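The values are calculated or read from the model by the stated rules, or taken from the named source; none is laboratory data. Just so it is clear, the model here is predicted, and its values are computed rather than measured. When we count neighbours, we look across all protein chains shown, and the Cβ atoms used for this are built from the backbone with ideal geometry, even at glycine.
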Amino acid sequence: MERIVGGKFKLGRKIGSGSFGEIFLATHIDSFEIVAVKIENNKTKHPQLLYEAKLYNILQGGSGIPGIKWSGVDGDDNVLVLDLLGPSLEDLFVYCGRKFSLKTVLMLADQMIARIEYVHSKGFLHRDIKPDNFLMGLGRKANQVYIIDFGLAKRYRDSTTNRHIPYRENKNLTGTARYASCNTHLGIEQSRRDDLESLGYVLLYFLRGSLPWQGLKAATKKQKYDKICEKKLSTPIEVLCKSHPVEFASYFHYCHSLTFDQRPDYGFLKRLFRELFTREGCEFDYIFDWTILKYQQAQTSKTQQRPIPGERSRAVPMDVEKHQGNNASYSAELTEHMKLKNDTTAGFRMQFKSPSNRNVAPGNHLDRNTMNNAHMPSTSFSPANIMMMLVLQVVGFLLCGAFLLPNDSCGRNKSQLRTTCCGLGTICFEPGLVVCGPSIVFNKIW
């Protein structure tokens with residue numbers, strides 16, 4: 001029997017789990033909006049979901065903060081319903097071969113510092129800064145970084161008096177050891193400086209591919225933490241940042257210079273990386289490493305599926321989703337219940353799976369009528385037309401993350417086409433090229 005939580009969200013497939021409980025996809029029974037649902041048994045030893053819901057409510061309205069749809073108790077469970085987001089930075093890091101370019105790291109750093117600054121401005125520390133807790137958005141927000149998971153967050157100043165929490169020692173390690181600050185390892189109460197130091201380790205992890213204290217073995221968790229602490233404290237900043245721009249060492253030196261209750265100069269840290277960005281000749285165009293990789297894979301797929309004269313073309317699936325962890329695990333049974341209207345929810349991102357096959361994977365939200373459109377016959381084009389098609393493909397891909405290839409029919413009967421992408425309008429060439437718009441053919445969550 002299908003379960004409905006909060007009176008209006010029908011649960012689908014489980015897409016994640018952790019010490020807090022489990023995460024499910026769900027569909028709003030009236031609007032068919034797809035959301036993420038976190039569920040925690042309220043008899044668990046240390047329930048934290050309703051506390052996390054309280055923090056999300058406090059943080060609502062900030063850039064890169066997921067919208068909260070509903071929270072409360074449902075039967076024996078605590079439930080938190082949030083906007084559905086895209087892949088985590090850890091997912092994308094793996095997808096890109098476990099290394100990011102300097103340009104991608106700097107574009108991410110700018111947003112990540114801003115997210116931490118916003119959380120701090122509301123009086124809270126995150127205390128678990130790591131790649132898994134930063135997600136990219138979907139659809140129009142695909143280039144926006146979101147910060148999530150506030151189960152370990154803590155208020156660092158009193159909401160009434162504005163007084164900072166007192167300095168303490170002998171505290172247990174809270175957070176993830178790999179990215180924990182040196183002071184956190186030493187048992188010192190965390191403050192704003194520690195969130196920023198953790199971010200520094202995340203950025204170097206992206207640049208280097210790994211950190212020197214990864215992979216250490218020990219008999220117990222405490223012994224492992226001690227080994228990580230020893231290695232972290234004994235690795236000079238200059239060694240850690242060797243072969244990378246000096247700004248990264250400057251970032252760490254600044255974090256280590258902060259006193260326990262000192263307000264960090266977030267603007268200084270953002271300027272530090274922005275000036276490096278400019279000096280490197282980069283353009284803040286939101287073309288991340290994964291954007292380029294997806295485009296290259298699509299071009300490879302396009303080459304492989306070039307039709308032989310006299311034969312019907314066959315598409316080769318891109319199968320990119322396998323790299324994207326839990327965020328790509330969308331259930332067939334859930335999507336079968338979705339009756340799409342002409343307006344789409346905020347949680348859609350397009351990506352073609354098998355361009356020349358209308359019998360696409362179950363995750364594609366297409367009316368069956370649309371799938372009946374056959375390929376339009378291949379046609380020869382002038383060099384100008386071919387160049388225009390390539391330009392449109394690139395523009396559509398970079399702006400919206402999706403495009404169709406030549407010989408894919410966009411369907412001349414516009415009434416058969418459903419959903420919307422980013423409102424840029426649909427462009428159809430003779431072979432049926434579609435670049436994002438109210439009558440987009442392929443629509444898949446990523």
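Annotations for the structure displayed:
- G62 meets all of the listed conditions (1) out of contact with any Lys or Arg (no Cβ under 7 Å at 6 or more places or on another chain); (2) at pLDDT below 95 but one, namely (2).
- Filter pass, L186 being surrounded by 13 or more Cβ atoms within 10 Å (Cβ to Cβ) and closer than 24 Å to T104 by Cβ: no
- Of all residues in the stretch 10-39, exactly one satisfies the criterion of being under 16 Å from D74 (Cβ atoms), touching a residue at least 40 places away in the same chain (Cβ under 8 Å), of a type in the set (D, E, K, R) and touching a Gly at 6+ places or on another chain (Cβ under 8 Å), namely K38.
Rundown of residues vs (1) more than 19 Å from G200 (Cβ to Cβ); (2) part of a loop (DSSP other than H, G, I, E, B); (3) in contact (Cβ under 8 Å) with a residue 60 or more places away in the chain, yes/no style:
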| residue | (1), (2), (3) |
| --- | --- |
| S63 | yes, yes, yes |
| W70 | yes, no, yes |
| E90 | no, no, yes |
| G97 | yes, yes, no |
| Y118 | no, no, no |
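- Residues that are farther than 21 Å from L25 by Cα, crowded, with 19+ Cβ neighbours inside 10 Å and under 14 Å from the mean Cα position of the chain (by Cα), drawn from the stretch 46-94: F93
- For R13, the requirement of being surrounded by fewer than 20 Cβ atoms within 10 Å (Cβ to Cβ) and in contact with a Leu (Cβ under 7 Å, 6 or more places away or on another chain) is met.
- Flag if S63 is hydroxyl-bearing (S, T, Y) and more than 23 Å from G12 (Cα to Cα): yes
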